[in-house]
Every structure is written in structure tokens, then in C-alpha cells.
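Following: one structure in C-alpha cells, then a few remarks.
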Amino acid sequence: MSLSPYLQFSRENWRKYRDGTPLPLTETELASLRGFNESISIAEVEDIYLPLSRLLNLYVTQTQNLHAVTNQFLHQNTHKMPYIIGVSGSVAVGKSTTSRILQTVLSRWSHHPKVALVSTDGFLYPNAVLKAKGLMKRKGFPESYNREALLQFLNDLKSGKAEVTVPVYSHANYDIIDEVVRIPAPDILIIEGLNILQMPDSAEAQRIYVSDFIDFNIFVTAPTAMIKSWFLERFRSFRKHALDKPHLYFHQFSRMDEAEAIAFADGIWESINAPNLLTNILPYQCRAQLILEKGADHGIEQVYLRKL
């Protein structure tokens, strides 16, 4: 007998749970949400994201009801707290696109219209700090983030702060820039990042982690070899885009010949992204409430929902 804490659904089976949920976006809107080299279709939104938005709407509603009951029990009248959804997975697996689509479809539900999206990239240490700490070749690993600032941000949200700010990471600059995004208290916050499912080891058992603040975790996955090929495709796209833009980080690679540039990207995958995936990301996949498994065309083929 195969043991698993998850219920497994094919795309065909999962689509049944849309249950009449209306399609809240157009093809034009969807085009603006796609990432590099991704070809997600309206059909996939209908089959995967509309049932998921319906499920999350039910979870948010029940959490709001629980908050009201707790207020009644404690004889207090505190405002409802933001519901936090985590989206995790490897570099280049498409978690940012998943997050943007979820933000859009969830914001169309009438009783939680304010849906904010934050990437943990904004909490990376600036490159100057990473260089000083000897961590440039560990960028994306847990130690390359300002964990205290990230935890303070989440704590402020869950404490009902009226507005929070988030530092801005520029993929064009490959660094933190001198800007912040201001977020008025949302109904839902989607936080997207590599390591947000991570738990403390036995030596850090009393420490608070990002996962302690998240109400519902989603993990986006695919076979590792497939993710690597998407990473290399994305590198090619970034390199091509930066060809005549010397101010962009990827412009330096446009001066290399194709083989040299791809060899460099392959080295980055093998020395940084793959070890981070195998050590700090994949081992925590089993902590997600929902897993979205992709196939070769970036399409989601299987959905795994944790049993209650």
C-alpha cells in the first residue's frame, strides 16, 4: 500500500472543482502575467487556478470566521488579520507567474479584494553586504537574506499594522535598489520565495521562521532536469534582452559568444541553484498544503492537496 499525506488530482479531475467559478481575467491580462518562456493559457487558468482560487476563498472565509469567534471568546474587537499564502519552489520553476495569477484571480472575490504580492528577493542583503560576508556565491541560500527584517515585516502584518514597507530587488540590476513598496494592510498577502517552507533544525528549535506566519503553503515543482533547462532558457532570454542595454546586469553576458555564456549559466546552476534546491528547498516540499507539479511545457499536470 502506498502511503501519502496528499490527495492526488490530474488536471482533468482537478478542473471539476471549479464549480462554476467565473473567469475573472482576459487573454490580454494573462499575457501581462506570464513570465519569460512561459506559455500558460486561459484553459490552464480555468482548469487549475479557478478551482484553487475557490478553495483558497473557502479557507480565507473560514479563517475570518474563526477570527470573529476568537474575538467573541476573548471579549475583544480586533481587526481581521491578513491571510498569508506562501508560494515556494526552485529558481526558474515559475512560482512568480503562479503568484501573479493567484493575486489576480483572488482579488476578484468580493470579500477579500485587497491582495498584495511580495517576493522575498526584496529581503536579500545588498550585493555589497553579500560580498563583505563572502556570500555572493550563496545568493538565494537562507543565509543571504536579512531574516530579521523579513520576520519583522510578517510580524507587523499579523499584528494589524496599517501599512508595511518592502525593499525592492531589481533583477535588471541584480541587486537591492534604493526604493521601497508601501503596502496598506491587505486582506490577503501572497509571499513568494525559495526558502519560505524551511523549518529550524534541532539546534534552532526555538527560533521563529517565515513558515510560522504562513496560513497556506503552495509548492511549485517539476523534474530537476526540466527546471535546469528552463533556467538556461531564461538566461538566454535575459541575455538577448540586454544586448543593447549596457546598464542591465545581463549585458555583460551578451558580449560572450553563445557557448561561453551558456557554459557560465550552467556553472551557476550546478554550483548555486542545484545545491540550494536539493538542500534548502526540495526537502521541505512535504510541508506544503498544496503541490503543483508541472510538465515539459510548463503546464501543471498534477495537483496534490494535503489531507486534513
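May I ask you to list pairs of residues, at least six apart or on different chains, whose Cβ atoms are under 6 Å apart, with the first in segment 208-220 being farther than 12 Å from Tyr83 by Cβ and the second being assigned to a strand (DSSP E or B) and modelled with pLDDT of 95 or more?
Pairs found: Asn217/Gly86; Ile218/Val87; Ile218/Leu290; Phe219/Ser88; Phe219/Gly89; Phe219/Ile291; Val220/Gly89; Val220/Leu292.
Looking at segment 152-159, is at least one residue in a loop (DSSP other than H, G, I, E, B) and either buried (at least 21 other Cβ atoms within 10 Å of the Cβ) or of a type in the set (S, T, N, Q) (or both)?
The answer is yes, given that some residue of segment 152-159 is in a loop (DSSP other than H, G, I, E, B) and either buried (at least 21 other Cβ atoms within 10 Å of the Cβ) or of a type in the set (S, T, N, Q) (or both).
So if I check each of Asn71, Asn13, which one is without any contact (Cβ under 8 Å) to a residue 40 or more places away in the chain and either surrounded by 16 or more Cβ atoms within 10 Å (Cβ to Cβ) or farther than 17 Å from Gln302 by Cβ (or both)?
Going through Asn71, Asn13 in turn, the sole match is Asn71.
When both residues are 6+ apart or on different chains and their Cβ atoms are under 6 Å apart, which pairs have a first residue that lies in segment 257-277 and is among the polar types (S, T, N, Q), and a second that is surrounded by 14 or more Cβ atoms within 10 Å (Cβ to Cβ)?
That search, which allows pairs on different chains as well, returns Asn273/Val91; Asn276/Gly140; Asn276/Phe141.
Restricting to segment 246-283, and then to whatever is of a type in the set (D, E, K, R) and within 20 Å of Gly140 (Cβ to Cβ), can you tell me which residue is surrounded by the most Cβ atoms within 10 Å (Cβ to Cβ)?
Per the stated criteria, the residue is Asp266.
Within segment 200-209, is there a residue that is crowded, with 17+ Cβ neighbours inside 10 Å, within 19 Å of Leu151 (Cα to Cα) and modelled with pLDDT under 95?
Yes, the conditions are met somewhere in segment 200-209.
Counting only residues that are at pLDDT 95 or above and in contact with a helix residue (DSSP H, G or I) (Cβ under 9 Å, 6 or more places away or on another chain), which one in segment 296-305 is farthest from Ser211 (Cα to Cα)?
Glu301
Exactly one condition in (1) in contact with a helix residue (DSSP H, G or I) (Cβ under 9 Å, 6 or more places away or on another chain); (2) under 20 Å from Lys139 (Cα atoms); (3) in contact (Cβ under 8 Å) with a residue 12 or more places away in the chain is not met by Trp230; state its number.
(1)
Could you tell me which of the residues Leu290, Leu282, Leu277, Leu248 is at pLDDT 90 or above, over 13 Å from Val93 (Cβ atoms) and not aromatic (Phe, Trp, Tyr)?
When all the criteria are applied, what remains is Leu290.
The values are calculated or read from the model by the stated rules, or taken from the named source; none is laboratory data. As the structure is a prediction and not an experimental result, all values here were calculated from the model. Using ideal geometry, Cβ is built from the backbone for each residue, glycine included, and neighbour counts are taken over all protein chains shown.
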